[in-house]
Structure formats: structure tokens, C-alpha cells
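Asks: Handing you this structure, nothing more for now.
The values are calculated or read from the model by the stated rules, or taken from the named source; none is laboratory data. Every value quoted in this text rests on a predicted model; they were computed, and no experiment measured them. Neighbour counts are summed over all protein chains in view; Cβ atoms, including those assigned to glycine, are modelled from backbone coordinates with ideal geometry.
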Number of protein chains: 2
Amino acid sequence: MIQSSESSESLTIADIARLAQVSVSTVSRILNGKPDVAEVTRQRVLKVIHDTGYSPDVSAQRLASGATVAKSRVITLLFPMDHAEFTQLELDFFIGAAASCSKHDTFFNLMTEPMDADHLLNLFRSGQTDGVILMQIRMDDWRPELLTRHDYPFVMIGRTSDNQHYRYIDLDFDAAVETAIGYLVEQGHRRIGFIARPASARAQQIGPSVRIMSGYQRALERYRLAPLYREVKLTVPDVYEATLELLDEAPELTAIFTVHGASSPGAIRALRDRDRLVPDDCSVVALATERIAQLVTPALTAINFPTDTMGYQAATMLINALQQPSAPVEQILLQPRLAVRESASTPVGAT
Amino acid sequence: MIQSSESSESLTIADIARLAQVSVSTVSRILNGKPDVAEVTRQRVLKVIHDTGYSPDVSAQRLASGATVAKSRVITLLFPMDHAEFTQLELDFFIGAAASCSKHDTFFNLMTEPMDADHLLNLFRSGQTDGVILMQIRMDDWRPELLTRHDYPFVMIGRTSDNQHYRYIDLDFDAAVETAIGYLVEQGHRRIGFIARPASARAQQIGPSVRIMSGYQRALERYRLAPLYREVKLTVPDVYEATLELLDEAPELTAIFTVHGASSPGAIRALRDRDRLVPDDCSVVALATERIAQLVTPALTAINFPTDTMGYQAATMLINALQQPSAPVEQILLQPRLAVRESASTPVGAT
DNA sequence: TTGAAAGCGCTACCAT
DNA sequence: ATGGTAGCGCTTTCAA
């Protein structure tokens, strides 16, 4: 009870055996909860173990038991932090994934370190994780191919340009933009400002950035709209500035679509500072999580970005794949759903 | 190059040695980057390794090299998810901690599974982590004592009732409540509604819940105020309801202090639905992160809850402790700082 | 520069 | 119910 400290440094199973006056095999049995040990013996040995603070060397256990790499019951979500400022968005993915792990008796691991191939493979080799959730997927991402080749389980939140065979869950961003702009057009808007993620993300071929811009192009053509957009860092001040620029470029604009709910107060305030009230004098539609949409005033009319659900589903998908490796590959492409709230309306003087 | 797959299942260093026509020792040397190998040999062996897809068994490596448990360069943030609904709050802790890890070449691990003592110790024993950040600290938390006894490094975000010797960073919640209410009183408010975390959290002795209520008691005494509060789940709808109740109980109230920024729109909307505009007809002060405070309209006058900074500092503290185990124990108790924004003002008809 | 062999700490099989 | 012992896959002297 009392013994203060870790002489455990170099204790081996042999030491325990000696101290408890039994054989190594017996100690091993006890350690592994085997039934064929006399209760008295077990107690005696257990006492020694506790008193000495001994704990078995995991490496040796694994090696001896032939478990090349033991199931760790850990899944890891990889979110390379340098590729994007953390935003509310990503956080909800984490929550969802963590919640699923909790429900499925699995540990959840979040890694924000950007990884090269070696790091990634080592995660598996070292037994640190049983599977990974990949985020910030680029159109030409190299990771799915690598992991597939090594037969390491993974799912993507996002998708590459040609992912016939990989598990993924993603929002149909192309369609999301078309839906949002379509809605605004339906309401009678013709001059619509668009605020998108930084061009740098697109240059890096990050999926959503690429697809959002292609969706925008398609929407422009489909509705015969003139381009009017800014690609900026999605912070409140940057969006504020961008909105002002848009207003300068096209004072006649009656609506703004922004791809990020959490920075939309920037737009709303810029509008207010130019004497435009939302939604009466200008509509704002966003791509946003329900939570953020509700937090902003006026509550955002928005394409729902169900990030927590996506995180939850991604983790669940991965855990399933772990349990049934031969099960068919699931691919989920969520269709956009617009939630009408308070931030958009018919333009002044429209039909 | 082409080889499609992993026969690697059972490849050992001996197989590589045989295939490359060298001894096991030589392969080992190459694996470990030792200099005393002929370049030709090295190339030949490397090719075999690559072609076969061989990768060494980590357990065996560790065992043989005597590294009882290798430094994992991982720190783990423990956030037991059942103890609290995830709120924006906690998320910012994660961001901060992750950011520090990134800066300090360390992996960041988030675990949401509630843990018993065995789980916790195993995290260390199995070499999964070098240190942990504890959250959701209870006044009488058992974890610091356990970890200290085993000499496993940790820091707390929060603190126990008697943590003379543990590393921690915490906000002075007692003082925070007094400051907020003091500010309101200074502005001329006398009838102030208070919205706090659920009583269940307090029953569980979760630090902030306990200290916030004790701070409230102190504030009541100090300013001779009558109690007027609700303890509720901090969601927008629940806070909405709570605010309505407060309004029913004390229609004359002129201010509300809530401990959670992200659910404060619930209060603001309840007020609006009772024809009270914030801040003109009723002030709202919150305990909130800067980000949330800015997101809400009107921007919240709030006690700053620097969660991301706290997460960052906690991780940094831990990483330092890992590098210099003998360094003195750091303890940081942040004093509350009020940021005046738009949501509070002088009550109607006050001096 | 290379090879042979002795363990690392533990499990699992075979005896007893 | 217990003990003896042969490896698990690798690293690391020590020789050659």
C-alpha cells in the first residue's frame, strides 16, 4: 500500500516469480487471467505485483503472443492543421467522430500534425491505431492509394476526383452552391455576391474549395449571372472587408452567399455599416452548421452543413469496416438541404 | 514497384536477409541507419525491403533495443464526454492544445472515453502517451493523486480543492462571477438574473460549477442582492426557457448574467419575445470566449474565457514538464477580465 | 564490412 | 495446479 515509488523501472516477470515463490509461467497465467491457477497463489502473486508496482512490458507481451500488432481499439482522425485555420466547421466533425467512438467502445484520437507517408504508415505499424479518418482531402490526394496498398483501413471525409473504391462521406458542394444561388434567384435576386474560401486552398486542390468554385461557375451559367465574388480567409474581419469590396464593385447587389457561417457576421456588419439591414435590404445565405446558423442574428438561411453527423458517420463507417473488412465499400454523398431561417428575403422592388 | 500486395503479413528480418543474401545483422544495421555497411549491400537490401513491402515489428524492436517504453511524443487530452454536453467552450481548449503540440513537435491525442484507473495507467504503460491533460476536474478528483503516485506527467485544466502540488491552469471562476455581477451593479442594476450550469454538474463536484455558485453566493452577499437564478442545460432552447422563467419570477429584472456565451442567444431571444431589447431594455453579460462573444448579436459584454489560450498553455506546460521533469510545478490561476462590448448598458431610469 | 549468437521480457506448449 | 523451456523478431556485442 504504502510503497512510494517505482523501483518498477527494471522489474521483470522473473522478479515477480521469484518474490512470489512461483514460476514465471504462473505469473504469466495470472497476468492473462487464465483460470487454471489456485486462488491462494493468485492472491499472493497479485499482492507482490501490486506492492512492487510491476507492470508487464507491452512490447514483450505482443511479441511473445504473436500478435504482430495488437488491436488498439483506437481510430485516429487526421486533420492537418496547417492546411486550414481551424474553424467551427472542423470542430463539429471532431465532436461527431468522438461521439461515435464513445458509443462503439473505441478510442478516439485526433492528430493535427501534417503527415508524410512514413508517419502515416507508422501510425499503423506501431499499433497506435486501427484505422484513420482522413480530412482535408485533395482532388489528387496520395493517401488513399498508399493506405489501400498497405491494406490499412480508412475512410475519408471528403473525396478525391476519382475515388471509385474508397470509403467516404462528403457533402455535394457543387450542388450546394447551385442550390443556394438557385434559391436566391428564385426569390428574385439577380446580383449576388459570393464569398468563398481562400484561393490558396483551391490552388492546393482541396476538395471543397475546388468543387465550390466549380459549382459557382455552373450556377453562373445556368442562371446567366455575372461573376461577383471574393476568395478570402474566413474570419469575421476578412469577410467584413470582402463584403465592403463587393458592395463597392456592385452597389446594386441584393444578396450575398457565403460558404462559412461562423464568419458571416462580418458580412452582416459590413452591410449594416453601409445602411443595409439583413434581410430587408440585402439577403444573406450561407453554408453553415445548424448550430452556427442559430447563433447568428438574424438566424441564417443556410445550406445545412451537417458536420457533426458527418463526423459521426465517418467514424461509424470506419469502425464497421474494422469489424467486417470484407463488407462492401460505403460511399455517402450528401445532397444539400436548404434551411430557410431569417436572413434572406425577396429583394426590394422585386416581383 | 508494381507488387500489388502484402505478403508482408509474416515477413521477418530473416526473410529479408535470406532474399538479399546477407546476414540478419546486416539487415538490422541498415534498418537502423548504421554507417558500417557497404553502399552496394545497402542498396541491394533496401531494394528487397521495398519490393517485399517489409516493415519491422515494432514490438520486437523495442524489446530488443531495451527501450522499455519508447517516448511516444504523444500527449493526450482527456475529456470525458459523458460529463458534459460538448459545447463550444471545450472545443476551443482542444484547438489550443493541438496548436501547441504542433508547435512543439508533439502528437496530440484527444480521448473522450471516460476512464477508470486501469485505463488511465494503461495509457502510459502501453506507451501510448507521454503525458496527459486532465479536464473536467472535480473538487475531489482521484486522478491527480494516482498519476502522481506512479510518477506519470500530467497537467490539469481546472483544479481540485487542495492541489498544492499539481500543475494546473484554471480561470478564477469565483472571481469571474463577482466581477461580472459587480460590473452590473456598478452600472446601476439591482435585480439581476443568473443562468448557471446544470445542478447535476455541481452535484458531481465539477470545479467550475461549484466555484461559480460559490462566487454567486459571495456576490449576493457583497452587493446585498436577492437570489434569482436557474441552473439549466446550456442549450439555446433551455436558456430561452430559463430566461422566460426568470422574467416571470422577477419582471422587474434589468440584467442577466449567463455563464455560457454560445447559448446566450436563447436569453436574448426570450427577452425580445417579451419586448425587451438588449441592451436598451435589459443587459446581458456572459462568460464567453472572444470568438463566441463576437458571433452573437449584439456582441456580448463578457468575462473573457480564454479557452484556446488555456488549452495552449496547458499543453505547453505539459511538454515542458516532459522535457524537464524536475522543473518547479507551474500553477496558473487566471484572473477574470471583463470585455465591454454591446450587450450591456445602464438600466432604464437609473442614476 | 560482415556474420554468429546471446539475449530483451514474455507467452504458450508440454510435462509433471 | 504448477514448472520448464522454446521461441516471438529484433538489436547488439564480439569475432572474423
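Asks: For region B:186-207, enumerate the residues that are under 15 Å from B:Ser263 (Cβ atoms) and outside any strand (DSSP E or B).
Replies: Selection gives B:Arg197, B:Pro198, B:Ala201.
Asks: Here's a follow-up. Could you tell me which residue of region A:68-86 is nearest to the other protein chains (Cβ to nearest Cβ), considering only residues that are under 18 Å from A:Arg138 (Cβ atoms) and modelled with pLDDT under 85? Show your work before the answer.
Replies: The initial filter retains those residues of region A:68-86 that are under 18 Å from A:Arg138 (Cβ atoms), namely A:77-85.
Narrowing further to those that are modelled with pLDDT under 85: A:80-85.
On the way: A:Pro80: 10, A:Met81: 5, A:Asp82: 8, A:His83: 12, A:Ala84: 12, A:Glu85: 10 Å.
Out of the qualifying residues, it is A:Met81.
Rundown of residues vs (1) assigned by TED's automatic domain parsing to the domain that holds A:Phe94; (2) surrounded by 20 or more Cβ atoms within 10 Å (Cβ to Cβ); (3) in a helix (DSSP H, G or I); (4) under 23 Å from the mean Cα position of the chain (by Cα), yes/no style:
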| position | (1), (2), (3), (4) |
| --- | --- |
| A:Phe124 | yes, yes, yes, yes |
| A:Ser161 | yes, no, no, yes |
| A:Val177 | no, yes, yes, yes |
| A:Tyr216 | no, yes, yes, no |
| A:Leu220 | no, no, yes, no |
| A:Pro237 | no, no, yes, no |
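Asks: Continuing with this model, one more query. Which of the residues that make up region B:24-41 are within 8 Å of DNA strand D (Cβ to nearest atom) and of a type outside the set (Lys, Arg)?
Replies: Initial filter on region B:24-41 (within 8 Å of DNA strand D (Cβ to nearest atom)): B:24-25, B:27-29, B:31-32, B:34.
The answer is B:Val24, B:Ser25, B:Val27, B:Ser28, B:Leu31, B:Asn32.
Asks: If you go through region A:148-159 one residue at a time, do you hit one that is within 14 Å of chain B (Cβ to nearest Cβ) and either within 25 Å of A:Val210 (Cβ to Cβ) or part of a helix (DSSP H, G or I) (or both)? Lay out the reasoning, then the answer.
Replies: Keep residues of region A:148-159 that are within 14 Å of chain B (Cβ to nearest Cβ), which gives A:148-153.
Right, trim to either within 25 Å of A:Val210 (Cβ to Cβ) or part of a helix (DSSP H, G or I) (or both) and you get A:148-149.
There is at least one residue in region A:148-159 that is within 14 Å of chain B (Cβ to nearest Cβ) and either within 25 Å of A:Val210 (Cβ to Cβ) or part of a helix (DSSP H, G or I) (or both).
Asks: Additional query: Scanning region B:101-122 for residues that are more than 29 Å from A:Leu63 (Cβ to Cβ) and surrounded by fewer than 22 Cβ atoms within 10 Å (Cβ to Cβ), which turns out nearest to the other protein chains (Cβ to nearest Cβ)?
Replies: Restricting to residues being more than 29 Å from A:Leu63 (Cβ to Cβ) and surrounded by fewer than 22 Cβ atoms within 10 Å (Cβ to Cβ), the top hit is B:Ser102.
Asks: Just to verify a result, which residue in region A:297-311, among those that are outside any helix (DSSP H, G or I) and of a type in the set (A, V, I, L, M), is farthest from A:Gly158 (Cα to Cα)? Lay out the reasoning, then the answer.
Replies: As a first pass, look at region A:297-311 and keep what is outside any helix (DSSP H, G or I): A:297-306.
Checking the rest, the ones that are also of a type in the set (A, V, I, L, M) come to A:299-300, A:302-303.
Details: A:Ala299: 27, A:Leu300: 24, A:Ala302: 20, A:Ile303: 17 Å.
So, considering only residues that are outside any helix (DSSP H, G or I) and of a type in the set (A, V, I, L, M), the one farthest from A:Gly158 (Cα to Cα) is A:Ala299.
Asks: Please go through region A:123-147 and give me each residue that is among the aromatic types (Phe, Trp, Tyr) and within 10 Å of another protein chain (Cβ to nearest Cβ), ordered by number.
Replies: Quick first cut of region A:123-147, residues among the aromatic types (Phe, Trp, Tyr) only: A:124, A:142.
Selection gives A:Phe124 alone.
Asks: Another one. Limited to region A:308-323, what total is found for residues that are surrounded by fewer than 21 Cβ atoms within 10 Å (Cβ to Cβ) and within 11 Å of the chain's Cα centre (by Cα)?
Replies: 2
Asks: Any idea which of A:Ala270, A:Ala286 is hydrophobic (A, V, I, L, M, F, W, C), closer than 22 Å to B:Ser264 by Cα and in contact with a Ser or Thr (Cβ under 7 Å, 6 or more places away or on another chain)?
Replies: On the way: A:Ala270 fails: closer than 22 Å to B:Ser264 by Cα.
On inspection, the qualifying residue turns out to be A:Ala286.
Asks: Kindly provide the set of residues from region A:278-297 that are within 13 Å of chain B (Cβ to nearest Cβ) and among the small types (Gly, Ala, Ser), ordered by number. Lay out the reasoning, then the answer.
Replies: From region A:278-297, those within 13 Å of chain B (Cβ to nearest Cβ) are A:278, A:284, A:286, A:288-297; that's our starting set.
Answer for region A:278-297, where residues must be within 13 Å of chain B (Cβ to nearest Cβ) and among the small types (Gly, Ala, Ser): A:Ala286, A:Ala288, A:Ala293.
Asks: So, restricting to helices (runs of 4 or more DSSP H) that lie completely within region B:10-67, which ones have at least 1 residues that are within 12 Å of DNA strand C (Cβ to nearest atom) and at the interface with chain A (Cβ under 10 Å from one of its Cβ atoms)? Working first, answer last.
Replies: Numbers: elements: B:13-20, B:24-31, B:39-52, B:58-65.
The helices (runs of 4 or more DSSP H) meeting that bar are B:58-65.
Asks: Check off (1) in contact with a Pro (Cβ under 8 Å, 6 or more places away or on another chain); (2) not in a helix (DSSP H, G or I) for B:Gln294 and give me the number that stays unchecked.
Replies: Of (1) in contact with a Pro (Cβ under 8 Å, 6 or more places away or on another chain); (2) not in a helix (DSSP H, G or I), only one is false for B:Gln294: (2).
Asks: Do we find a residue being over 24 Å from A:Glu245 (Cβ atoms) and surrounded by 21 or more Cβ atoms within 10 Å (Cβ to Cβ) anywhere in region A:196-207?
Replies: Checked region A:196-207: at least one residue is over 24 Å from A:Glu245 (Cβ atoms) and surrounded by 21 or more Cβ atoms within 10 Å (Cβ to Cβ).
Asks: Yes or no: region A:256-278 includes at least one residue that is modelled with pLDDT under 95, surrounded by 23 or more Cβ atoms within 10 Å (Cβ to Cβ) and over 30 Å from the mean Cα position of the chain (by Cα).
Replies: yes
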